[in-house]
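**Student:** What follows is a single structure, and I will ask about it in a moment.
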Amino acid sequence: MKHSGLLILGLVFIFNAGYTVPEESGSLVIEINNITSPEGIIWVGIYDSEENFMIKENAIVEGYKVDETGHKTVHVDQLTYGKYAIALFHDINGNGELDRNWLGIPSEPYAFSRRPKSKWRLPRFREIVFSFTTNRQHLSTSLRKWSD
């Protein structure tokens, strides 16, 4: 009997040595409304912290082809539970950038995970952050032009 206890303890150690608890994740479903032009790409950036906010290299960035007006639903699968901020824009001309006029004001439609307090500056992470906590979570946002 003494040896069977050691055997069980050894097996538990062997199986747990390389085992890590998986982080919980789910699917984020983003509904993008107010698409007014049936062309180009909608670029979606998902940021996980204030330090990473608006740094493209530190974000999950995906592009989605636009082929009709109205709305588009996109899915981000296997997103780890946590706090996130989303910034997106409709790259109508497909040049990979949010076009701006000579004053630096966006000339293509854009949106965030929550409506920022001011359109006169980039939003802060804490203004547009949301908690992603369920296996399948929906988020709805509407594209708008700066003049709206």
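The values are calculated or read from the model by the stated rules, or taken from the named source; none is laboratory data. None of the values given here were measured: they were computed from a predicted structure. Reconstructed Cβ throughout: ideal geometry from the backbone, glycine too, with neighbour counts over all protein chains shown.
**Student:** Only one of these is closer than 22 Å to T69 by Cβ and assigned to a loop (DSSP other than H, G, I, E, B): W120, W146. Name it.
**Tutor:** Unique residue meeting the criteria: W146.
**Student:** Looking at (1) part of a strand (DSSP E or B); (2) exposed (fewer than 12 other Cβ atoms within 10 Å of the Cβ); (3) among the charged types (D, E, K, R), can you tell me which one K83 breaks?
**Tutor:** The single condition K83 does not satisfy is (2).
**Student:** Evaluate the range 57-74: report whether one residue or more is without any contact (Cβ under 8 Å) to a residue 24 or more places away in the chain, under 21 Å from F125 (Cβ atoms) and surrounded by 15 or more Cβ atoms within 10 Å (Cβ to Cβ).
**Tutor:** yes
**Student:** I've got another one for you. Output the residues belonging to the range 14-49 that are assigned to a loop (DSSP other than H, G, I, E, B) and at pLDDT 95 or above.
**Tutor:** Correct list: T36, S37, P38, E39, G40, D48, S49.
**Student:** If a residue must be aliphatic (A, V, I, L, M), at pLDDT 95 or above and over 22 Å from N52 (Cα atoms), how many such residues does the range 65-106 contain?
**Tutor:** Selection size over the range 65-106: 3.
**Student:** Could we say that N95 is in contact with a helix residue (DSSP H, G or I) (Cβ under 7 Å, 6 or more places away or on another chain) and free of Cβ contacts under 8 Å to residues at least 24 places away in the same chain here?
**Tutor:** When the stated conditions are applied, N95 does not pass them.
**Student:** Check K145, K117 and return the single one that is surrounded by fewer than 18 Cβ atoms within 10 Å (Cβ to Cβ) and in contact with a helix residue (DSSP H, G or I) (Cβ under 7 Å, 6 or more places away or on another chain).
**Tutor:** K117
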